[in-house]
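Read through the structure below, which is laid out as structure tokens, and then see the notes.
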Amino acid sequence: MIIFITGISGAGKNTALRILEDSGFYCIDNTPLNLIPKIVQIAQNSNIENISFIIDPRLIFVSKKRDLPKLKKSINKLIKDTLRLASEYNVKIIFLDSNEKTLIKRYNSNRRIHPLNPENIEEGIKLEKELLEELKRKSHFVIDTSDLSPYDLSIKISEIISSKKVYILKITSFGYKYGFLNSDFIIDVRVLKNPFYIRELSDKTGLDKEVKEYLLSDSLTTEFLNKTIEYILFVLNFYFNNVKNYLEIGIGCTGGKHRSVFVAEYIYNFIKNKYQNIKVLIEHRDIYKN
């Protein structure tokens, strides 16, 4: 599969490219259109099945922003060539858009200037939307990222590139001593015995073999894991079939270093191996904090 990512500056093209990279795509940013056929051929000869390009008019904006007739002519050629390549190589075009208010906020928060109008971000955005309207209209998919988090965007892109509906589960371990976690569900694992109080284990983490063996030596750990998995499967079945495609579960212990990391890894591996249509992400928020 070949994907072109394009759209309005500040709408999330680089975020989309990282999402595709995480999904197994070979990704290239800001590629000259005349090089794409060669890159596609090289990729196919190297057995690379999925490849994605960012088609971005930024360089045109920078080089010709003071000459509006030449700018429009160059953008029209870019659009024409993009659509031609998309037709020849069976490319799916994803156009990312966002409302003006959100784009202005993003530009201001990142302290960036708009390439079409450094003095007036709002005017630059309006002109860019006008110039890219035809490309937006002829793209296969248009995603408005105004109110989307990176995870929401990941869900939408996953649905585009997959023949099956894709669900995303994020598992985050954390330590209560460093603050609460904003998740859909929180599982408190402080009931398990704490490796922190074992001298030879205190400096290790839940990723280490010795900590895993210590925790599994207690029958309570096995019982806790079995019941937790049973509960999570119930939650996943209900939420993914009735509520939404993205779910975040927090696993908390005192310091976020031993028990929560171990349990999070256990759940991560169990779900990942059991369900092919669930993309499982994992993060250990506090694992290396003192």
- For the chain, which span is the longest to avoid every loop-located (per DSSP) member of chymotrypsin sites (Phe, Trp or Tyr not before Pro) having at most 10 other Cβ atoms inside 10 Å? 1-179
- Given C-alpha coordinates of segment 34-160, what is the ratio Rg to Rh with the Kirkwood estimate of Rh? 0.99
- Could you sort out which of 101/138; 129/272; 101/177; 13/73; 126/279 sit more than 29 Å apart by Cα distance in this structure? 129/272; 101/177; 126/279
- Message: Considering only C-alpha atoms, what is the centroid distance from segment 121-153 to segment 246-276, in Å?
- Response: 36
- 222 nm [θ] for the chain, helices only, -39500 (n - 2.57) per DSSP H run of 4+, per residue, to 500? -14500 deg cm²/dmol
- Item | segment 110-146: GluC sites (Glu not before Pro) falling in loop per DSSP and having at most 15 other Cβ within 10 Å | 119
- Message: What are the extents of the Cα atoms of segment 167-284 along their three principal axes, in Å, largest first?
- Response: 46, 28, 20
- What the 5 Å binned alpha carbon P(r) of the chain shows, as percent of pairs per bin from 0, is 1, 5, 11, 13, 13, 12, 10, 10, 9, 7, 5, 3, 2, 1, 0
- Message: Just to be sure I understand the model, the point goes 7 Å from the Cα along the line to the Cβ. What's the resulting residue 210 to residue 101 distance in nm?
- Response: 5.6
- Item | GNM result for the chain, Cα springs below 10 Å: residue of 109, 98, 154 fluctuating most strongly | 109
- Query: Taking the simple approach of a point 7 Å from Cα along Cα-to-Cβ for both residue 112 and residue 41, what is their distance in nm?
  - Reply: 3.4
- Item | Projected label distance in nm at residue 147 and residue 217, using a 7 Å step from Cα toward the beta-carbon | 5.3
- Task: Only Cα pairs under 8 Å and at least 6 apart count here; give the relative contact order of the chain as a rounded whole percent.
- Result: 20
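Every number in this text was worked out from the coordinates using simple rules, so none of it is lab data. The structure presented is a predicted model; accordingly, all values stated were derived computationally and were not measured. As a convention, Cβ positions derive from the backbone with ideal geometry for all residues, glycine included, and neighbour counts pool all protein chains shown.
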